[in-house]
Amino acid sequence: MLQRYKYLISVLLGSLSVFGFAPFYYYPIPILVLAGAFHLWKNAKSNHEAALLGLLFGLGFFCTGIYWIYISLHDFGGMPFWMAGFATFCLCGFLAIFPMTVAYFSKRSGSLLICAPLFWAFSDWVRSWIFTGFPWLSIGYSQVPFSPLANYAPVFGIYGVSLVTALSSTLLLLIMNQSTRKKSIFAISLLWLSGSLLGQVDWSKPSGGPIRVALLQGNVSQDIKWDKDVTLKTIDLYYSMISQSLSFRTPPQLIILPETALPVFIESNPEEQLQPFTQLAKAHDINLLIGAVEVNNNSYYNSMINIGKDESQYYRKSHLVPFGEFIPLKSVFGWIYRDWLNMPLSDLSRGGIKQRPMSINGQKIALNICYEDVFGEEIIRQLPEASILINASNDAWYGNSVASYQHLQISQARAMETSRMLLRSTNTGATAIIDKNGQIISHAPHFKTMTLFGQAQGYVGVTPYMIWGNDAFLLTIFLGFLFICLQNKNTFMKIKIPQSLMWN
């Protein structure tokens with residue numbers, strides 16, 4: 001029965017994986033699902049059949065996990081429904097190549113249950129940089145923050161969590177085999193117990209007193225955000241929200257607006273151009289972090305600008321979204337924007353990759369904008385100097401979908417990797433305050449105009465991940481494959497090297 005419907009089962013297994021991610025957080029599901037996928041691949045009749053099963057798994061996984069790409073292209077980008085659907089499916093198809101490749105090479109190795117976790121985790125890492133990177137739904141995120149396996153994040157990063165997650169799936173299958181049951185039970189128990197013990201390690205300690213913060217969620221609809229007739233209303237909205245937050249007996253010391261909150265272009269002197277906001281901030285001796293488009297030497301940057309109590313400081317977004325904030329191969333793809341899409345700010349300039357934290361309210365603040373917090377190794381560039389992390393986002397592009405919740409879970413992973421609090425100020429959600437262990441302290445309702453108040457504690461200290469980034473993970477993968485090669489050197493990969501490529 002299982003073999004008869006194996007192709008359908010593979011698609012369903014991929015689709016079920018999404019329930020391990022936010023907003024569901026059912027972290028055991030991806031482990032069970034991967035175990036089922038590995039079992040199907042192991043019993044495939046050929047390497048090519050295993051590859052097909054992997055491709056179908058990937059299509060089920062990504063079509064259900066990132067369907068919201070269609071919303072951004074069609075609902076807000078203005079692309080015809082058939083073209084938006086086709087483009088979304090093509091992206092899912094490309095991403096499905098990764099589990100297909102994992103299935104093919106794992107089956108070909110002759111040691112599928114040992115190789116599959118290594119290949120899977122390695123493919124998650126490859127997705128983080130190929131074609132500028134799209135590591136969304138890396139399987140390690142499914143364990144954040146509740147699973148004991150998530151506690152490997154401060155040591156090996158999220159791809160290390162992907163590895164132990166996939167390894168748990170393999171061990172579950174090996175437990176079903178009488179000859180490997182005892183060893184597998186011991187191994188999986190050790191793996192999860194070690195994760196629990198890592199959760200007891202305090203990687204950082206408080207630095208200074210907590211800062212009173214206010215995170216503004218303007219809830220400005222994306223389809224009118226850049227409408228000239230709405231610009232003044234949007235500016236008035238945020239000015240009013242700031243004024244109201246300052247009317248309390250103990251007002252916030254730092255107020256954070258979302259990414260491009262003000263639909264205006266800021267040139268040269270922000271304190272003059274944002275004069276009403278500057279006067280308000282200085283009158284109350286506070287700092288304002290404002291998201292806007294900065295213009296410098298005819299270059300346009302997606303920036304966060306600090307005005308008020310401390311000196312004016314900038315952060316310019318460095319890792320831009322392909323096709324959203326810059327046009328790759330403009331001569332090839334430029335017609336899509338000219339004829340089919342209506343996306344503002346689709347050709348921005350990149351900020352520097354070595355920007356340092358802002359000095360605000362006696363703390364060192366590491367800024368990142370929207371999509372940038374998907375890349376853990378880029379976030380640690382500002383660490384351990386930074387004591388607090390801030391992410392400013394606008395996930396309104398994806399409507400009322402799971403995208404903003406998935407993005408929130410990614411931010412939780414960054415907090416765990418760095419042992420720092422992370423503040424998220426967004427346009428429509430998910431605006432939240434996350435503690436250094438990745439737990440959500442407070443979370444604003446989505447699609448509601450409101451201000452989220454709270455406190456942010458700065459921390460100092462170094463996690464292992466800050467020191468070696470993804471290098472320790474990659475070394476682990478290399479040693480894993482080396483061990484397998486030594487154990488099974490005659491059959492591993494079964495790759496025949498042409499004589500012409502051999503050294504004489």
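The values are calculated or read from the model by the stated rules, or taken from the named source; none is laboratory data. Because the structure is a prediction, the values reported are computed rather than measured. Every residue, glycine among them, receives a Cβ derived from its backbone with ideal geometry; neighbour counts consider all protein chains shown.
Taking the stretch 448-502, which residues are surrounded by 10 or more Cβ atoms within 10 Å (Cβ to Cβ), charged (D, E, K, R) and modelled with pLDDT under 95?
In the first step, residues of the stretch 448-502 are kept if they are surrounded by 10 or more Cβ atoms within 10 Å (Cβ to Cβ); the result is 448-485, 487-488, 491-494.
With charged (D, E, K, R) added as a condition, the list becomes 448, 471, 494.
Residue satisfying the conditions is LYS494 alone.
Considering only residues that are part of a loop (DSSP other than H, G, I, E, B) and free of Cβ contacts under 8 Å to residues at least 40 places away in the same chain, look in the stretch 249-268 and name the one that is farthest from the chain's Cα centre (by Cα).
At the first step, the residues of the stretch 249-268 found to be part of a loop (DSSP other than H, G, I, E, B) are 249-253, 257-264, 268.
Narrowing further to those that are free of Cβ contacts under 8 Å to residues at least 40 places away in the same chain: 249-251, 262-264, 268.
Values: ARG249: 37, THR250: 34, PRO251: 32, LEU262: 24, PRO263: 25, VAL264: 27, SER268: 32 Å.
Applying the filter and picking the extreme gives ARG249.
Could you check the stretch 275-311 and list, in sequence order, the residues that are in contact with an Asp or Glu (Cβ under 6 Å, 6 or more places away or on another chain) and part of a loop (DSSP other than H, G, I, E, B)? Before the answer, list the steps.
Applying the first criterion (in contact with an Asp or Glu (Cβ under 6 Å, 6 or more places away or on another chain)) to the stretch 275-311 yields 278, 287, 291, 295, 301, 303, 307, 309.
Of everything in the stretch 275-311, just one residue is in contact with an Asp or Glu (Cβ under 6 Å, 6 or more places away or on another chain) and part of a loop (DSSP other than H, G, I, E, B), namely LYS309.
Every residue in the stretch 231-276 that is within 20 Å of ALA432 (Cβ to Cβ) and of a type in the set (Val, Ile, Thr), please.
Result: ILE242, ILE255, ILE256, THR260.
For the stretch 195-208, which residues satisfy the criterion of being surrounded by 13 or more Cβ atoms within 10 Å (Cβ to Cβ) and more than 24 Å from the chain's Cα centre (by Cα)?
Those that are surrounded by 13 or more Cβ atoms within 10 Å (Cβ to Cβ) and more than 24 Å from the chain's Cα centre (by Cα): PRO206, SER207, GLY208.
Look at the stretch 100-116 and say how many of its residues are free of Cβ contacts under 8 Å to residues at least 60 places away in the same chain and not hydrophobic (A, V, I, L, M, F, W, C). Even if it seems obvious, please write down each step before you answer.
Taking the stretch 100-116 first, the residues free of Cβ contacts under 8 Å to residues at least 60 places away in the same chain are 100-102, 104.
Among the residues that remain, those that are also not hydrophobic (A, V, I, L, M, F, W, C) are: 101, 104.
Number of matching residues: 2.
Return yes when VAL230 is part of a loop (DSSP other than H, G, I, E, B) and out of contact with any Gly (no Cβ under 6 Å at 6 or more places or on another chain) and no when it is not. Don't jump to the end; show me each part of the working.
Details: part of a loop (DSSP other than H, G, I, E, B): no; out of contact with any Gly (no Cβ under 6 Å at 6 or more places or on another chain): yes.
Considered against the rule, which asks whether it is part of a loop (DSSP other than H, G, I, E, B) and out of contact with any Gly (no Cβ under 6 Å at 6 or more places or on another chain), VAL230 comes out as no.
If the requirement is being assigned to a strand (DSSP E or B) and either touching a residue at least 12 places away in the same chain (Cβ under 8 Å) or in contact with a strand residue (DSSP E or B) (Cβ under 6 Å, 6 or more places away or on another chain) (or both), which of these qualifies: LEU191, LEU215, LEU173, LEU167? Please lay out each step first, then the result.
Details: LEU191 fails: assigned to a strand (DSSP E or B); LEU173 fails: assigned to a strand (DSSP E or B); LEU167 fails: assigned to a strand (DSSP E or B).
Step by step, each of LEU191, LEU215, LEU173, LEU167 is checked, and only LEU215 is assigned to a strand (DSSP E or B) and either touching a residue at least 12 places away in the same chain (Cβ under 8 Å) or in contact with a strand residue (DSSP E or B) (Cβ under 6 Å, 6 or more places away or on another chain) (or both).
I'd like the residue in the stretch 181-194 that is touching a helix residue (DSSP H, G or I) at 6+ places or on another chain (Cβ under 7 Å) and of a type in the set (A, V, I, L, M) and, out of all such residues, is surrounded by the fewest Cβ atoms within 10 Å (Cβ to Cβ). Break it down into steps so the answer makes sense when it comes.
Applying the first criterion (touching a helix residue (DSSP H, G or I) at 6+ places or on another chain (Cβ under 7 Å)) to the stretch 181-194 yields 181, 184-185, 187-188, 191-192.
Then drop every residue that is not of a type in the set (A, V, I, L, M), which leaves 185, 187-188, 191.
Numbers: ILE185: 13, ALA187: 17, ILE188: 20, LEU191: 17.
Out of the qualifying residues, it is ILE185.
So, in the stretch 35-68, how many residues would count as being over 16 Å from LEU12 (Cα atoms) and either of a type in the set (D, E, K, R) or surrounded by fewer than 19 Cβ atoms within 10 Å (Cβ to Cβ) (or both)?
Counting residues in the stretch 35-68 that are over 16 Å from LEU12 (Cα atoms) and either of a type in the set (D, E, K, R) or surrounded by fewer than 19 Cβ atoms within 10 Å (Cβ to Cβ) (or both) gives 7.
Can you tell me which condition THR250 does not meet? The list is (1) surrounded by 12 or more Cβ atoms within 10 Å (Cβ to Cβ); (2) touching a Lys or Arg at 6+ places or on another chain (Cβ under 9 Å), and all the others hold.
All conditions are met except number (1).
Condition first: of a type in the set (A, V, I, L, M, F, W, C) and assigned to a loop (DSSP other than H, G, I, E, B). Can you find one or more residues in the stretch 376-391 that meet it?
Yes, there is a match, as at least one residue in the stretch 376-391 is of a type in the set (A, V, I, L, M, F, W, C) and assigned to a loop (DSSP other than H, G, I, E, B).
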